[in-house]
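Worksheet: the structure to be examined is printed underneath.
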Amino acid sequence: MRATTPWPRKDAFAFAGGTAGYVDDVRPPGLLHMAVVRSTRAHAGLVDVDTAATEAVPGVVRVLTGREAARHLRPMPYQFGEPELIGGRRSVLPALPVDVVRYVGEPIAVVAGETPGAARAGAAAVQVSYEDRPALLDASRFLGAGDLGAEDRRRLIAEHVIERGDVAAALAAAPYTLEQQFSVGRSTTAPLEPRGYVAEWDRAARTLLVHASHQQPFQLRAMLAEVLDLPVADVRVVVPNIGGSFGLKMSGQVEEPLVALLSMLCERPVKWIESRAECFLGGGREQVHRVRVGFDRTGRIHALRDHAVLPVGAESVSPGWRQSYVSAAVFPTAYDIEHIAVRSRVVATNEPPWHSCRGFGKEAPVFVMERIMDLVARRLGLDPAGVRRRNILTPQAMPHRMPSGYRIDSGDFGALLGQVLELAGDDPADQFEGTGIALEVTPEGGGHVSGRVVSGERQIIAAPESATVSLDERGRITVLSGVTDPGGGNTTVLARLAAEQLGTGRDRITVVQGDTALCPPGTGSASSRGVAVGGAAVVLAAGELADRLRRTAAGLTGVPAERIVLSGEAAHAGAAGSLTFDLLAKEITESGGTASVTRSYRPEPPHNPEFRYSYPYFSSGAYVARVRVDPLTGVVKLRALTAVHDCGRVLDPVLVEGQLQGAIAMGAGLALTEESRFDETGTSTTTSFKEYLVPRANDLPDFIIGHHETRAPATLLGAKGAGEAGVGGALAAIANAVDDVLHRLGAAPVTSVPLSPPVVTGLLDAGVR
């Protein structure tokens, strides 16, 4: 049943009061600090890495270059799934390059020092000789349908082709066609806390302890064990509190094995805390789409062709570039278009590699489709909302198989649109204010590969999440979960779910996450699985423990177990009295049993042997943005944003709305101000928050948020994800609102984001000419 009285976050006072502990608070005795020597070239041969001057710097303990690292470390394996299944190649790379650097900022060497200052001074003293090579910083030549030469083919990490129907014939027969190119700028995740690790090698025990600001401790443990050639059981990863992540803190970052190797070589703990400039090197989302659609007089779209290029930076082992496949696979988002052809080229450039970003590729297709809907409506003189209703998928079409093979499990997109328009109210009358609307679908729960099963292919199934719920002899309950909390508060929800099963209060429950020595294995934080999947495992484990307590109480009182009520840390047997949890725990253990239950759960959509496993649930939403544009300066002010969100069953309204507010804020930043920029040499020019402009509190209005629940049929709790929806919807709605104003002022149409002041004034100038 839906919660009616929200619990305050269990850890709210620790965060608000500054007493919460983070990785940088971990300071074991004898601690050394790591600094990274980074390439100053976008593409070059490494002629020499001279460390003689570094070794003379006071406080420097150890220097490690690529050649030495290669003697100690195995190559880093690709970190996520099977790239061959999505038309990609499997990358296996060294932690430090030996012969060639591929982007400005690529690690070349690492230095361990007694203090952070000593380590940085040592890194600055390393002398590197290069032999420059041609660099690819502009991937526009990959756009279009033409064949590629041999060199360009070597630059392709993947090429995704998704087709349904006969697009060429449908475009030729369409009464109207429209062609436009859209682009989304490169951006990054910008968490408050950058990445950080503290590695402690115990030589005597031959064990490695790593404290990490990380989303996926079990995946990090497996990678470290493989690269360092250690038994998995001898590696322990502990994740303290995380100051945000948004996809950045997944495995595959080269600093992870390097900080561990330095600890092993120095036989002392070693810490590395990423600087903001280093954090801003990574990014994602950059895409260019050349789209052609065919439609009729009513606004019904019959065909869509998209040629897309995604420059994903240097080849890497991280899951970042896989966002490209999701971008292709979610077309045409919330709409029913019969004929589809999407061809996406994923290009390795000489910029820093993509890391995963919140939205995971789903936000760009929403921007493209929602701009198309507005442009079609404008071409025909129709209402934008009406054109969407003409093309929208209906509840009767659910479940719906998308052209890629993704299966939308449920949703009522028309109801979302109607509700958000009602909440938003009337359009503003001011000529400098505009309104934009957008619909969004967000596949979540894991399952990036799609399409029909190839003969002889191993069937892909959902990854499970696990939880252990135990009761000690003091009557206290502990929940151990394989999912992690990167800051959104799922600890509170997991505690509440266990409490509801056991009839106890929050003060009796402790939730432990992120410790590979204590918690059952899981996927950590990814694809909005924390509550919908991880919470279901908690419910199963707590429910089984509750049954065990009832049966034990029944055996002691003679009252049937089904009449035993758990409430207030006790089992109540009516006239036979009550037994407290501590007494029941003692009775269970003294009888040779255990008051601990571990259960696993995986979502189980209906099996179709013809198709690969799809994302198990799809969240959705509708958005209305109101903006004001200053035509003299090009400054855009977001005046209002209204959202109606469908994440299935809402288990905690406060935390769900907090997730959506954060996603909307990120979407607003992507629409208006956030962009990772590089100069003509491939050097980042956005190295701090002075250049990379995230929205501040006074840049944003109070969001109006409504909910519409269509429960997920494939999850135990009926819940869908609430972590990624909102980014693409807010981005598209704001872009459409800006375009609404600019069109009335005679400007060129909005085709790219972010809409910074120079971009807006450029559109006005282009329209005047």
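Of note:
- Among K362, K637, the order by Cβ neighbours within 10 angstrom, fewest to most, reads K637, K362.
- Per residue, the convex hull spanned by the alpha carbons of segment 465-601 comes to 94 Å³.
- Take the Cα of L156, go 7 Å toward its beta carbon, and the backbone nitrogen atoms of segment 335-357 under 13 Å from that spot belong to 343-348.
- Each other residue within a Cβ distance under 11 Å of A125 adds +1 if Lys or Arg and -1 if Asp or Glu, for a net charge of -1.
- Each Lys and Arg Cβ is given +1 and each Asp and Glu Cβ -1; about its Cα centre, segment 172-312 then shows a dipole of about 520 debye.
- Amide H contacts under 5 Å for V512, placed H, 5+ residues apart: V479, L480, S481
- Mean separation of Cα pairs under 8 Å and 6 or more residues apart, divided by the residue count, gives the chain a relative contact order of 15 percent.
- The local environment of M34, defined by Cβ-Cβ distances under 11 Å, has a net charge of +1 under the rule Lys, Arg +1 and Asp, Glu -1.
- Among 717-728, 269-280, sorting by the average number of other beta carbon atoms lying within 10 angstrom of each residue, highest first, gives 717-728, 269-280.
- Axial C-alpha extent at least 24 Å, average Kyte-Doolittle at least -1.0 - helices from the chain (DSSP): 363-380, 534-557, 653-672, 727-744
- Paramagnetic label reach from A16 (point 7 Å along Cα→Cβ; backbone nitrogen cut-off under 18 Å): within segment 648-691, residues 653-659.
- Shape call, segment 209-366: gyration tensor on alpha carbons, a/c limit 1.5: prolate
- Residues V654 and V232, FRET efficiency given R0 of 60 Å [Cβ-Cβ distance, rounded to 0.05]: 0.95
- Per residue of the chain, the DSSP helices (runs of n ≥ 4 H) give a summed -39500 (n - 2.57) that works out to -8500 deg cm²/dmol at 222 nm.
- Figure legend: label point modelled 7 angstrom from the Cα of V454 along Cα→Cβ; residues of segment 73-96 with amide N under 18 Å from it are 80-91.
- Simple label model, 7 Å out from Cα along Cβ direction - R474 to Q431, nm: 7.2
- For Cα extents along the principal axes in Å, calculated from these coordinates, the label among [x] 85, 73, 56; [y] 96, 67, 41; [z] 85, 69, 51: [x]
- Net charge contributed by nearby residues that have their C-beta within less than 15 Å of Y78 (K/R +1, D/E -1): -1
- Shape call, segment 129-266: gyration tensor on alpha carbons, a/c limit 1.5: prolate
- Here, segment 42-93 yields an orientationally averaged convex hull projection of 6.2 nm² when only Cα atoms define the hull.
- Extended-chain gain in nm, criterion 0.36 nm per residue less alpha-carbon gap, I461 and A169: 101.5 nm
- Centre-to-centre, using Cα atoms only, segment 454-518 and segment 598-663 are separated by 23 Å.
- Sorted by Cβ density within 10 Å, fewest first, the residues D739, D147, D234: D147, D234, D739
- Label point distance in nm, D147-N698, each placed 7 Å from Cα along Cα→Cβ: 6.0
- Fully extended contour minus Cα-Cα distance, from E680 to S275, at 0.36 nm per residue: 143.5 nm
- In the frame of its principal axes, segment 173-246 has Cα extents of 76, 30, 15 Å, reported largest first.
- Computed Rg/Rh of segment 431-499, alpha carbon atoms with Kirkwood Rh: 1.22
- Proxy reagent accessibility, fewest Cβ within 10 Å first, across V104, V57, V161: V161, V57, V104
- V98 versus E544: modelled label distance in nm, points set 7 Å from Cα along the beta carbon direction: 4.8
- Straightening the chain between T633 and A53 buys 203.7 nm, computed as 0.36 nm per residue apart minus the Cα-Cα spacing.
- Relative counts (whole %) of C-alpha pair distances in segment 637-724, using bins that are 10 Å wide: 15, 36, 25, 17, 7, 0
Throughout, read-outs are computed from the coordinates displayed, never taken from laboratory work. Here the structure is a predicted model, which is why all the values come from computation and not from measurement. As a convention, Cβ positions derive from the backbone with ideal geometry for all residues, glycine included, and neighbour counts pool all protein chains shown.
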